[in-house]
1. Of all the C-alpha pairs in region 117-219, what % are more than 16 Å from each other?
2. Efficiency by 1/(1 + (r/R0)^6): what FRET value for residue 42 and residue 91, r their Cβ-Cβ distance, R0 = 30 Å, to the nearest 0.05?
3. Under 5 Å between amide H atoms, partner at least 5 residues away or on a different chain: which partners does residue 7 have, H built in plane at 1.01 Å?
4. Can you pull out the trypsin sites (Lys or Arg not before Pro) in region 117-219 whose DSSP state is coil and whose Cβ has at most 12 other Cβ atoms within 10 Å?
5. Using the heavy atoms of the protein chains alone and a 1.4 angstrom probe, what is the accessible area of the chain per residue in square angstrom?
6. Give the separation of the Cα centroids, region 193-215 to region 28-66, in Å.
7. List, in order, the whole-Hz ³J(HN,Hα) value for each residue of region 96-101 obtained from phi through the Karplus relation with A = 6.51, B = -1.76, C = 1.60 and θ = phi - 60°; use x for Gly and Pro.
8. Quick check on region 52-95: take the gyration tensor over C-alpha atoms, sort the square-rooted eigenvalues as a ≥ b ≥ c, and tell me if it's rounded (a/c under 1.5), prolate or oblate.
Amino acid sequence: MLTLVIGNYNYSSWSLRPWALLTHLGLPFEVVRLTLDTPQFAAEVAQHSPAGRVPVLRDGALTIWESLAILEYASELAGGRGWPAERGARAHARAVAAEMHAGFAALRAECPMNIRARGRRVPMTAARAAAVARIDALWSDCRRRYAGGGPWLFGGYSAADAMFLPVAFRFQTYGSDGLGAEARAYLATALADPTIEPWVRRAEAETEVIAYSEVGQAP
Ligand SMILES: N[C@@H](CCC(=O)N[C@@H](CS)C(=O)NCC(=O)O)C(=O)O
């Protein structure tokens, strides 16, 4: 049995990514949920990973940290179904997933994932506007190229969609100014995905408040 160690459902954007892909792939796994921003978090996560962060995937004696590495492992367990079947599309999907993993720092820092929050507004900065413009271009390009295969970035669901899911929740919380029609249609697909409902329900049921992740005023 696989074990996925995660943080708070409401706030832990990196944890959400492997949870979403494992769930989409139909791989059975248990969840160990740790509470971020508590005195005991460091000691608890140290029992699972030397990197001191979540997510962590455990498969018997094997420990995998870093969300992108977990997505790769999950895809391998599922016979490669986590990535597009065609080589060119697969390379493209890996590029956008890596871009998400390494980039969009302004969006991530200024708009923390806060699934249960709605109607938050934070002043737009040039750096965040540039990140949103890049996401708009990236999503639109994928949808134009791969629309024939289904509603996801590469037609069928892939690790690239899992990587961008926390960004979709950010647009839901802080507004989607800067996204064009194609990107908005993809955003609607991502947010309406029934597979992620259990995660959203758990996020909404959580009561912990992490002050530094509660940003933005309701209009
Ligand atoms: N690069 C890591 C980032 C993981 C990460 O920053 N996780 C956050 C929670 S979303 C964390 O564990 N924070 C706790 C800490 O840094 O003490 C990945 O992709 O898995």
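The values are calculated or read from the model by the stated rules, or taken from the named source; none is laboratory data. If you're wondering where the values come from, they're calculated on a predicted model, not measured in any experiment. Note: ideal-geometry Cβ built from the backbone for every residue, glycine included; neighbour counts use all protein chains shown. Keep in mind that these areas ignore ligands, DNA and RNA; they rest on the heavy atoms of the full protein, side chains included. Shrake-Rupley method; radii C 1.70, N 1.55, O 1.52, S 1.80 Å.
1. 61 percent
2. The pair residue 42/residue 91 has a calculated efficiency of 0.20.
3. Here 15, 34 satisfy the definition.
4. In loop regions of region 117-219 (DSSP not H, G, I, E or B), the sparsely surrounded trypsin sites (Lys or Arg not before Pro) are 118.
5. Roughly 44 Å² per residue, with all protein chains present.
6. Taking the Cα centre of each part, region 193-215 and region 28-66 sit 19 Å apart.
7. My calculation for region 96-101 gives 6, 5, 5, 4, 5, 4 Hz in order.
8. Oblate, because a/c is 1.5 or more while a/b does not exceed b/c.
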